[in-house]
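Heads up, the thing below is written out as structure tokens.
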Amino acid sequence: EDQVTQSPEALRLQEGESSSLNCSYTVSGLRGLFWYRQDPGKGPEFLFTLYSAGEEKEKERLKATLTKKESFLHITAPKPEDSATYLCAVGADSNYQLIWGAGTKLIIKP
Amino acid sequence: DTAVSQTPKYLVTQMGNDKSIKCEQNLGHDTMYWYKQDSKKFLKIMFSYNNKELIINETVPNRFSPKSPDKAHLNLHINSLELGDSAVYFCASSQDLSGGEQFFGPGTRLTVL
């Protein structure tokens, strides 16, 4: 069964304290892995697409990486405005829908 | 310009009522979706339409009926509302069916009393 698991559920960091969020997946044929950011009261906002193991994408303080079993979202020297819930989703070759993880709630304290 | 818009943003209603949520996208995308996000923030696909054709219809009660009058609009009608329908409903769109890059609307918070 296709599945996506994110950890931790919540992460509290001090401003400037770097860390990583994990997205583990099981899928029969990866079409792509997608990271989104969701702010309270808003819809998810697309961040990155990763297609194959070894691929990396960067945007400001965020870097996403992909292996055959998991993806990491690395946050370098985060700021309070990086606080949000980060969602991971996987697309499988076998169908059109995305399989979503439950998200990691990131809180950056000033 | 808002890319994906939904109305209303909040909907409070009594059990047994019928309600509709409207969604419009001005991105020229072919594919549109309805998602339900429960209190634990888990996103669950409900329906997907591609060029007005139903593609994905997950295990959703028959009380939920989507309608796509054209590829820029996807509305959701809910009959005989139940307490368990309370959630945030998101509309989204993508360029095509392979669309992992999806654009989401602001959400409609439905509360059933």
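The values are calculated or read from the model by the stated rules, or taken from the named source; none is laboratory data. Model, not experiment: these values are computed from the prediction. Ideal geometry is used to build each Cβ from the backbone, glycine not excepted, and the neighbour counts take in all protein chains shown. Note: accessible area is taken over every heavy atom of the protein model, side chains too, but ligands, DNA and RNA are not part of it. Shrake-Rupley method; radii C 1.70, N 1.55, O 1.52, S 1.80 Å.
Tabulated data
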| item | result |
| --- | --- |
| Filtered residue count, region A:66-110, keeping only those that are open to solvent by 30 Å² or more (accessible area, probe 1.4 Å), more than 30 Å from B:Tyr49 (Cβ to Cβ) and away from chain B (no Cβ under 11 Å) | 15 |
| Residue check, B:Ser80 of a type outside the set (Lys, Arg), away from chain A (no Cβ under 14 Å) and open to solvent by 30 Å² or more (accessible area, probe 1.4 Å) | yes |
| Region A:10-30 residues that are of a type in the set (A, V, I, L, M), paired with ones that are in a loop (DSSP other than H, G, I, E, B) (beta carbon under 7 Å, 6 or more apart) | A:Leu13/A:Pro78; A:Val27/A:Asp2 |
| Positions within region B:19-32 being assigned to a strand (DSSP E or B) and either free of Cβ contacts under 8 Å to residues at least 24 places away in the same chain or of a type in the set (S, T, N, Q) (or both), in sequence order | B:Ser20, B:Gln25, B:Thr31 |
| Elements of type strands (runs of 3 or more DSSP E) in region A:9-110, at least 2 residues being in contact with a Leu (Cβ under 6 Å, 6 or more places away or on another chain) | A:19-26, A:30-38, A:62-66, A:70-75, A:84-92, A:104-109 |
| Criterion violated by A:Lys63 - all others in (1) open to solvent by less than 10 Å² (accessible area, probe 1.4 Å); (2) more than 14 Å from chain B (Cβ to nearest Cβ) satisfied | (1) |
| B:Gly16 vs. criteria assigned to a helix (DSSP H, G or I) and away from chain A (no Cβ under 14 Å) | no |
| Given (1) within 11 Å of chain B (Cβ to nearest Cβ); (2) over 10 Å from the mean Cα position of the chain (by Cα), index of the condition A:Trp35 fails | (2) |
| In region B:1-53, residue nearest to A:Arg37 (Cα to Cα) [restricted to those that are under 12 Å from the mean Cα position of the chain (by Cα) and among the aromatic types (Phe, Trp, Tyr)] | B:Tyr35 |
| Checking B:Ala92 against (1) surrounded by fewer than 19 Cβ atoms within 10 Å (Cβ to Cβ); (2) within 23 Å of A:Gln3 (Cα to Cα); (3) among the aliphatic types (A, V, I, L, M); (4) modelled with pLDDT of 95 or more, the condition it does not meet | (1) |
